[in-house]
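These notes are about the structure you will find just below.
The values are calculated or read from the model by the stated rules, or taken from the named source; none is laboratory data. It should be emphasised that the depicted structure is a prediction, and the values quoted were computed from it without experimental measurement. Cβ placement follows ideal geometry from the backbone for every residue including glycine, while neighbour counts extend to all protein chains displayed. Heavy atoms of the whole protein, side chains included, go into the accessibility calculation; ligands, DNA and RNA do not. Shrake-Rupley method; radii C 1.70, N 1.55, O 1.52, S 1.80 Å.
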Amino acid sequence: MANDGPVDWGVNVAAEDFSEKTRKPRRSRESEKPALDLLDEDNRSSLIDDSLFGDPLSDSLGSGQESSQAGSKASGRASGRARSGRGSSRGAGGRRRAGSFGGEKAESREEPSEMTPERQERFAKNIVLQQLSMSMKSRQQLAKKLVEKNVPGDVAIKVLDRMEEVHLVNDETFAHMWVESRHGNRKLGKRSLQRELREKGIDEELAQQALENVSEEDERDACHVLVQKKLGVSSPEESTRVQVDDSAPWETRQAQLKEREKQVRRLVSMLMRKGYSGSLAMAVVSEYV
């Protein structure tokens, strides 16, 4: 039966708002760009023709046929997707197993210690390529991932050295892109950036070179952006300052001073957590409070 009464659009509007809020933001940070996309044509050809890894890189990035055959014998329903390297296959136990870059599956249940040296290198290569296909990584990050997968140390070093030769792994480039991304998007100061680079295993000299791209003026501007966002203003003039009335009774003035100190402390602490010095934080905050 048709309803002639007024239509309540509240549910639809709420659903649209919820959809907008939960929609995943586009990835714009340079440091999350897949390292494979950054490889120039000469180095890509070099890696494809490299006999160290046995299978060509084009097979590694395209087919995944060898690793999917075991699963497709038990179930042919996912064999097409497994050969494309984008889907997954079902093994004899019915479990879905992730596709690979080709050659040896990075998620193979066979321990690397049971593999031949050639298969160990292929297995390690696929782990590295899988990691780099998601975002750039430092050498230490990739080395830790290989250790988690029980790849022998000498094999890991050999594979990572080769990846550095073709510039798929480059700590200098990684450091510059990390600083540009984290300072530009998260407004982090040099102290926080330096700590993060150290955690990623970046050499101190390379880290300092990357941090030189962030000037004192850049840090000051970032502090202003953070404070303005916190206060909901677009300039110091728009900030509502806590006024201290010298002619007011002592109790009133004391309450006003405490409120001002509380606001200053909160803003300065926020900036220092972002990696800015206390002196810079206080200088910027004093323009707003």
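Assorted remarks:
- Index of the failed condition, D218 passing every other in (1) touching a Lys or Arg at 6+ places or on another chain (Cβ under 8 Å); (2) among the charged types (D, E, K, R); (3) touching a residue at least 12 places away in the same chain (Cβ under 8 Å): (1)
- Subset tally (residues that are crowded, with 22+ Cβ neighbours inside 10 Å and assigned to a loop (DSSP other than H, G, I, E, B)) for the stretch 123-136: 1
- Residues of the stretch 236-276 that turn out to be open to solvent by less than 70 Å² (accessible area, probe 1.4 Å) and within 31 Å of the chain's Cα centre (by Cα), as a count: 8
- Looking at L280, L193, just one residue is open to solvent by less than 70 Å² (accessible area, probe 1.4 Å) and in contact with a Cys (Cβ under 8 Å, 6 or more places away or on another chain), and that residue is L280.
- Test: residue in the stretch 202-212 that is of a type in the set (D, E), at pLDDT 90 or above and assigned to a helix (DSSP H, G or I): yes
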